[in-house]
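Working notes for the structure below.
The values are calculated or read from the model by the stated rules, or taken from the named source; none is laboratory data. Given the structure is predicted, the values throughout are model-derived calculations rather than measurements. Cβ atoms come from the backbone with ideal geometry, glycine included; neighbour counts cover every protein chain shown. Calculation scope for accessible area: heavy atoms of the full protein, side chains included, ligands and nucleic acids excluded. Shrake-Rupley method; radii C 1.70, N 1.55, O 1.52, S 1.80 Å.
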Amino acid sequence: MKLSGIRVLDLSSYIPGPYLTMAMADHGATVVKVEAPGGDHTRHIGLKDGPDTVYFRNFNRGKHSIVLNLKDTADHAAFLRLADEADVLVESNRPGVAARLGIDHATLAARNPRLITCAISAFGQDGPRSGRAAHDLALEALTGVLGANQGNDGQPAMPALPLSDYLSALNGLSAVLMALYARERTGRGDFIDISMQEALLSATANVLGPTLAEGRQPVIGHERTTGGAAFYRCYACGDGEKLALAGQEPKFIAALLGHLGRSELVPLCDTPGPHQQPVVDTLAAFFASHTLAEAGALLDRIDVCWGRVNTYPQALEDEQIAARGFVLTDDLGRRHLGPPIRFADEPARVTLRAPALGEHQDLARKGW
């Protein structure tokens, strides 16, 4: 596998760091999860469907677990021995915590210059807010994402996904792999500073046109991907199902409006805004008079971009997901999400079991 032989120390919890290191474990890295006494918080959050919570196993499969109290002299020494031979360390403490514990990058790199440290924090390692605690909802608020994620009442709606967690994890993974690649040339590791706030704000690039060009807040209901386009919104079908039209390219617009005999409406779709209401009304009436199956068959036939609004159970049973074998089943009959990174050569070999707390404690004594 691509990362066979790479040794990773994972001091993180919740989502960003564990998602990053799980991807590395899926592709062959040896990941040692260093847990404080009592274990990762997610061992105790949410439903259990076996020995672990679903939350914990979804982010920690294929890893090794050791328990260390880094304030204890012997445990601290054991950690340093592991760090001396590690390739990557991932941590998600508030800035300054690692230094107080004597496990900051400067200290560890003085002993192991090849070490790559990825520190994921809410706001980054410096700046006026660096020491402040925050989870995703606060970051979505600060970046403007929450304010732009409005319900029909025009008020901010609770986000369905913790976007800053996943975006910081993916940026962190990219950075770690870049650093590993560079180390092949230089022989030296590096320190990576990932701000969850910056990771999320960077992902607003496609909606910041009004702000960057004119210094104003976008009118959320009038923009092309947030409610101002007839071909980028949800519609109710006659059987109570819902679908999303999700393509604004001229070919999709012309195909559907042409089929409905309303080609004169096509020019209204050139720009987003409330002037598209006649198109919205035409499409809403059409979908309301057809079942999802009827509407979907037509949209497929004339090649228009769309998707059924699924529940999570329906999403896991989707025929495309099934055909590609993305949902995996373990020996206990539990379902798992597969790795989204697929290589033609050296594909992932996923271990679906999550470690018991301290299951691999011998590593603290014997090393890698």
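In percent, how large is the relative contact order of region 318-368, given Cα pairs closer than 8 Å and 6 or more residues apart? Can you show the working numbers first?
Working: 25 pairs, mean separation 10.6, N = 51.
This gives 21 percent for region 318-368.
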Under a plain spin-label model, where a point goes 7 Å from the Cα along Cα-to-Cβ, how far apart in nm are residue 249 and residue 72? 5.9 nm
Projecting the Cα atoms of 228, 213, 320 onto the charge dipole of region 205-346, where Lys and Arg contribute +1 and Asp and Glu -1 at Cβ, the residue farthest towards the positive end is 213
In degrees, nearest 10, the alpha-carbon axis of helix 277-288 is tilted away from the dominant principal axis of the alpha carbons of the chain by 90 degrees
Dipole axis of region 147-286 (+1 Lys, Arg; -1 Asp, Glu on Cβ), positive-most option in 173, 187, 261: 187
Which value, in debye to the nearest 20, describes the size of the charge dipole of the chain about its Cα centre when Lys and Arg Cβ atoms bear +1, Asp and Glu Cβ atoms bear -1, and nothing else is charged? 880 debye
Per-residue ellipticity at 222 nm for the chain, helices alone: DSSP H runs ≥ 4 residues times -39500 (n - 2.57), over residue total, nearest 500 deg cm²/dmol? -10500 deg cm²/dmol
Of the candidates 323, 119, 203, which one comes out as most mobile in a Gaussian network treatment of the chain with C-alpha springs shorter than 10 Å? 323
Please work out the average accessible area per residue across the chain, using the 1.4 Å probe convention, and give it in Å². 51 Å²
On a C-alpha basis, how far is the centre of region 47-65 from the centre of region 224-248 in Å? Whole number, if you could? 36 Å
What residue among 250, 156, 272 shows peak mean-square fluctuation when the chain is described by a Gaussian network model with Cα springs under 10 Å? 250
If you roll a 1.4 Å probe over the chain with all protein chains in place, what percent of the accessible area is carbon or sulfur? 54 percent
Set of lysines with alpha-carbon distance to residue 2 below 18 Å, sequence-local pairs under 8 removed: 63
On a full-extension model of 0.36 nm per residue, what is the gain between residue 220 and residue 130, subtracting their alpha-carbon distance, rounded to one decimal in nm? 29.4 nm
Can you give the relative contact order of region 6-146 as a percent, counting alpha carbon pairs under 8 Å and 6+ residues apart? 24 percent
Answer with one residue from 53, 133, 39: the one whose Cα lies farthest towards the positive end of the charge dipole of region 37-183, charges on Cβ with Lys, Arg +1 and Asp, Glu -1. 39
For residue 361 and residue 106, what does the FRET efficiency come to when R0 = 35 Å and r is the distance between their Cβ atoms, rounded to the nearest 0.05? 0.80
Can you compute the charge dipole magnitude of region 213-368 about its Cα centre, using +1 on each Lys and Arg Cβ and -1 on each Asp and Glu Cβ, nothing else charged? Give it in debye, rounded to the nearest 20. 420 debye
Computed over the chain: longest principal axis from alpha-carbon atoms vs helix 73-84 long axis, angle to nearest 10 degrees, is 70 degrees
Of (i) 76, 51, 40; (ii) 58, 42, 39; (iii) 72, 42, 40, the label for Cα extents along the principal axes in Å derived from the coordinates: (i)
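Taking only C-alpha pairs under 8 Å that are 6+ residues apart, what is the relative contact order of the chain in percent?
It comes to 19 percent, rounded to a whole number.
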Under 10 Å, Cα contacts only: if you run a Gaussian network model on the chain, which one of 337, 11, 352 comes out with the highest mean-square fluctuation? 337
Alpha-carbon centroids, region 274-306 and region 95-169: separation in whole Å: 41 Å
Probe 1.4 Å, all chains present, heavy atoms only: residue 252 accessible area in Å², nearest 10, is 20 Å²
Helix 292-301: inclination vs the chain longest Cα principal axis, degrees, rounded to 10, gives 90 degrees
Between residue 213 and residue 314, what is the FRET efficiency for a Förster distance of 45 Å, r being their Cβ-Cβ separation, to the nearest 0.05? 0.70
